Each structure stands twice: as C-alpha cells, then as structure tokens.
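Accompanying notes for the structure given below.
The values are calculated or read from the model by the stated rules, or taken from the named source; none is laboratory data. This structure is a prediction, so every number in the text was calculated from the model and none was measured. Backbone-built Cβ (ideal geometry, glycine too); neighbour counts: all protein chains shown. Surface areas here come from the heavy atoms of the whole protein model, side chains and all, with no ligands, DNA or RNA. Shrake-Rupley method; radii C 1.70, N 1.55, O 1.52, S 1.80 Å.
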Amino acid sequence: MAKQALIVVDIQNDYFPNGKWPLAGVEAAADNAARLIQAFRDSGQQVVHIRHEFTSDSAPFFTPGSSGAQLHAKVTNRADEPVVLKHFVNSFRETELQSILQQQGIDELVIVGSMSHMCVEGTARAAADLGYPVKVIHDACATLDLEFNGQRVAAAQVQSAVMSALAFAYASVLSTEEFLAAERVTPA
C-alpha cells in the first residue's frame with residue numbers, strides 16, 4: 001500500500017478576504033483542505049505545509065515577514081508537521097520538500113492549496129515528473145479571475161482548465177468527498 005503525504009500549498013492570509021490577493025472560493029477550498037488535513041492526522045499520515053514568500057518587499061503579496069505571508073488559521077501546522085518555505089512556483093525548487101518526502105518514505109502525494117493555476121499546478125507537475133503518483137483535490141484548491149489577450153477568464157473557467165489539464169496527464173483529480181470515500185479516510 002502506498003505511503004501518502006498531503007501537501008498543503010500556500011494557503012496563506014493574503015489569499016483571503018482583506019488580504020492583498022484574495023481568491024475566488026478560498027474559504028470553501030480552505031475548509032475542504034482543513035477536512036483533509038484532519039483526516040490525514042487522524043490516520044497518522046504525513047502532512048507537509050508549503051509557505052511562499054517573495055524575496056522582495058515590493059512584491060504584490062507574500063512580502064517577507066508579513067502577516068499576509070503566514071499560514072491561514074484554518075490550516076495551521078502542528079509542531080510535528082514541517083513547513084517548507086519556498087520562493088518559486090514549484091514547491092520542489094530549491095527547497096527541502098523532496099528530502100522530507102524521501103526521509104518519510106512517501107511514495108504518493110495528495111495536493112491541495114492555492115493558486116490552482118500557479119503553485120498547485122507547478123507542484124503537481126513537478127511531483128509527477130519526479131515519479132510520484134499525484135492526486136489533486138480540486139475543491140480544496142482556489143484561484144482567481146485572469147485576463148488573457150484582452151479577455152477576462154472567470155475563476156471557475158481557470159479552475160476547470162487547470163484541473164482538466166492536470167487530469168489529462170499529471171494527476172488524478174478528485175473532490176474532497178471522492179477522496180475521503182475512496183481512501184476510507186474519515187475525519188474525527
């Protein structure tokens with residue numbers, strides 16, 4: 001049986017209402033992420049938190065040392081859960097994430113977090129390229145409206161495009177309920 005880890009990507013204060021870069025549906029996504037965190041904790045499986053900080057104080061969000069760059073209260077780590085600090089989209093790039101997973105004997109990843117079209121996607125693709133089977137829990141991820149070539153792309157469409165691309169070749173994409181039912185992992 002595979003040894004899984006839950007990777008909680010960038011669920012940080014700046015992505016919530018009153019933050020510097022609020023996302024569509026972030027509260028519901030964080031609530032689902034919290035359910036998954038609890039399920040992993042209850043079953044004794046590894047949870048790894050990822051926290052993004054830019055290296056410049058002039059960054060639009062996640063500025064170094066700011067409260068906006070801290071993990072949101074809904075998903076705060078326990079003392080025995082590592083928090084990996086990153087400065088790039090890919091959570092594996094120039095971080096200790098891979099060594100943490102190897103030390104724990106992890107061979108399958110479940111990914112949740114923000115933003116779906118950036119750090120979640122970048123991390124899922126990198127994980128797959130490193131040989132991990134990957135599951136992305138789509139309703140525990142959040143994104144925002146984008147613009148391309150003068151056209152507004154609604155967050156729901158961004159989410160659908162990202163998740164369909166990941167499901168095509170990089171990950172199994174499931175809802176929180178589907179994952180919990182399939183894994184028989186139930187929160188307390």
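Counting only residues that are open to solvent by 70 Å² or more (accessible area, probe 1.4 Å) and in a helix (DSSP H, G or I), how many does the stretch 43-73 have? So the answer is 2.
Checked against (1) aliphatic (A, V, I, L, M); (2) at pLDDT below 95; (3) in contact with a Phe, Trp or Tyr (Cβ under 7 Å, 6 or more places away or on another chain), Ala188 passes all but condition (3). Evaluated against (1) over 19 Å from Arg51 (Cβ atoms); (2) in a strand (DSSP E or B), Ala140 falls short on exactly one condition, (1). Comparison of Ser99, Ser116, Ser160 shows that the only residue that is hydroxyl-bearing (Ser, Thr, Tyr) and closer than 16 Å to His52 by Cα is Ser116. Considering Gly113, Gly122, Gly131, the condition of being open to solvent by 50 Å² or more (accessible area, probe 1.4 Å) and not hydrophobic (A, V, I, L, M, F, W, C) is satisfied by Gly131 alone. When the residues of the stretch 15-36 are narrowed to those that are part of a loop (DSSP other than H, G, I, E, B) and touching a strand residue (DSSP E or B) at 6+ places or on another chain (Cβ under 6 Å), which ends up most open to solvent (accessible area, probe 1.4 Å)? Restricting to residues being part of a loop (DSSP other than H, G, I, E, B) and touching a strand residue (DSSP E or B) at 6+ places or on another chain (Cβ under 6 Å), the top hit is Gly25. When the residues of the stretch 75-105 are filtered to those that are open to solvent by 70 Å² or more (accessible area, probe 1.4 Å) and among the basic types (Lys, Arg), the one that is nearest to Asp129 (Cα to Cα) is Arg93.
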